[in-house]
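K.L.:
Can you keep this structure in mind? I'll have questions shortly.
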Amino acid sequence: MPVFLFFNRFATSDTFGLWAHWTVLGDALLLMVLALVFVGRRPDVVWAIWIAAIVTTLAVHGLKPLLAAPRPAAVLDAAQLHVVGQILRSGSFPSGHTTAAFAFAGVVILSVRRAWVTAMLLSAALGVGVSRMAVGAHWPVDVLTGAVLGWLGACAALALAHRWTWGLAVWPQRIMAALLLAAALVMVWGYDTGYPQAAIMQRVLAAGARAGGAPGLLRLARGRA
């Protein structure tokens, strides 16, 4: 609890917007949309991201109802903590946002293997973990477990993608690209992350991912994965 309160005090009325923006970077749908930049260029990365999403989603949503851990807002008095966004009271363990952030970061880092990519994505993922405590949604153990689950999920996904190459073919890549495009449209037109302060950012990132992925989408449409 002292660790949680230490990080939760980072969120003040002046910085609520900052933490809302950072925590949305761990939204699973937004991270899937960002995978558009790899479509038609790195089919291995796209395939591994999809597998990681499935593996980690099953793990997180299997543990949450099983353990039914109370969130900080269900344990602490309202005067003791800052809450940004929705007031959540159950399903604390593990942190889904942190899991998603580290799963995405892990797949890209281990696939691209460039120092600046590693530094950028690890910083972003760590920031997501801290933000989950700053916005009052999770305990430190939820965040730490989420980070471990996400990274292990990324490693498992890469191993599975290497052995099960079905997803590298053109037609599976087209199906995955179509689903990612649909997710981008949902993200732009009304998807509720629970943090309205970050609505503009989520739309900008979704639009940017579509623009960045356009050459790869065109390449894939021509039949080259």
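K.L.:
Let me spell out the model: positive unit charges on the Cβ of Lys and Arg, negative unit charges on the Cβ of Asp and Glu, origin at the Cα centre of segment 50-202. What dipole size does that give, in debye rounded to 20? Could the numbers behind the result be given before it?
P.N.:
Details: 8 positive and 3 negative charges, 71 e Å.
That gives a dipole near 340 debye.
K.L.:
Next up: Provide the packing ranking of 195-202, 62-69, 108-115, i.e. peptides ordered by the mean count of other C-beta atoms within 10 Å per residue, highest first. Could the numbers behind the result be given before it?
P.N.:
Values: 195-202: 17.4, 62-69: 12.9, 108-115: 15.0.
Output ranking for 195-202, 62-69, 108-115: 195-202, 108-115, 62-69.
K.L.:
Over the chain, one equal point on each Cα, no solvent: what is log10 I(q)/I(0) by the Debye formula at q = 0.14 Å⁻¹?
P.N.:
Per q value, in the given order, log10 I(q)/I(0) is -0.85.
K.L.:
Excluding ligands, DNA and RNA, what is the solvent-accessible area per residue of the chain at a probe of 1.4 Å, expressed in Å²?
P.N.:
Heavy-atom accessible area per residue stands at 48 Å².
K.L.:
Looking at the square roots a ≥ b ≥ c of the eigenvalues of the Cα gyration tensor of segment 27-93, which shape do they give, rounded for a/c under 1.5, prolate if a/b is larger than b/c, or oblate?
P.N.:
Values: a/c = 5.70, a/b = 2.14, b/c = 2.66.
Oblate shape, in that a/c is at least 1.5 and b/c is the bigger or equal ratio.
K.L.:
Using a 1.4 angstrom probe on the protein heavy atoms only, line up 97, 138, 162 by accessible area, largest first. Write out the running numbers ahead of the final one.
P.N.:
Numbers: 97 40, 138 0, 162 145 Å².
Ranking 97, 138, 162 by accessible area, largest first, yields 162, 97, 138.
K.L.:
Compute the signed sum of charges (Lys and Arg +1, Asp and Glu -1) over the other residues within less than 15 Å, Cβ to Cβ, of residue 206. It would help to have the intermediate numbers written out before the result.
P.N.:
On the way: positive: 203, 210; negative: 27, 192.
My count for the surroundings of residue 206 gives 0.
K.L.:
Please compute the net charge surrounding residue 133, taking Lys and Arg as +1 and Asp and Glu as -1 over other residues with Cβ under 13 Å from its Cβ. Spell out each step's value before the answer.
P.N.:
Numbers: positive: 9, 71, 132; negative: 142.
Surrounding charge for residue 133 is +2.
K.L.:
For residue 122 and residue 155, calculate 0.36 nm times their separation in residues minus their Cα-Cα distance, and state this gained length in nm to one decimal.
P.N.:
Working: separation 33, 0.36 × 33 = 11.88 nm, distance 1.51 nm.
Extra length available between residue 122 and residue 155 comes to 10.4 nm.
K.L.:
Can you give the local net charge around residue 120? Use residues other than it whose beta-carbon is closer than 14 angstrom to its beta-carbon, Lys and Arg +1, Asp and Glu -1. Please list the in-between numbers first.
P.N.:
On the way: positive: 113, 114; negative: none.
Neighbourhood net charge equals +2.
K.L.:
To the nearest 10 degrees, how steeply does helix 43-67 sit against the main Cα axis of the chain, on a 0 to 90 scale?
P.N.:
The angle comes out near 30 degrees.
K.L.:
Summarise the accessible area of the chain (1.4 Å probe, protein heavy atoms) by the percent that is carbon and sulfur. Walk me through the numbers before you get to the answer.
P.N.:
On the way: 7580 of 10710 Å².
Carbon and sulfur: 71 percent of the exposed surface of the chain.
K.L.:
Another one. Treating the angle as unsigned and between 0 and 90°, give the value, to the nearest 10°, between the Cα long axis of helix 96-112 and the longest Cα principal axis of the chain.
P.N.:
Its long axis makes an angle of about 40 degrees.
K.L.:
Still on this structure, please answer the following. For helix 170-188, report the angle its Cα long axis makes with the longest principal axis of the Cα atoms of the chain; keep it between 0 and 90° and round to the nearest 10°.
P.N.:
Helix 170-188 sits at roughly 40 degrees to that axis.
The values are calculated or read from the model by the stated rules, or taken from the named source; none is laboratory data. In this text, all values refer to a predicted model and were calculated from it rather than measured experimentally. Reconstructed Cβ throughout: ideal geometry from the backbone, glycine too, with neighbour counts over all protein chains shown. The area values use the complete protein model at the heavy-atom level, side chains included, leaving out ligands, DNA and RNA. Shrake-Rupley method; radii C 1.70, N 1.55, O 1.52, S 1.80 Å.
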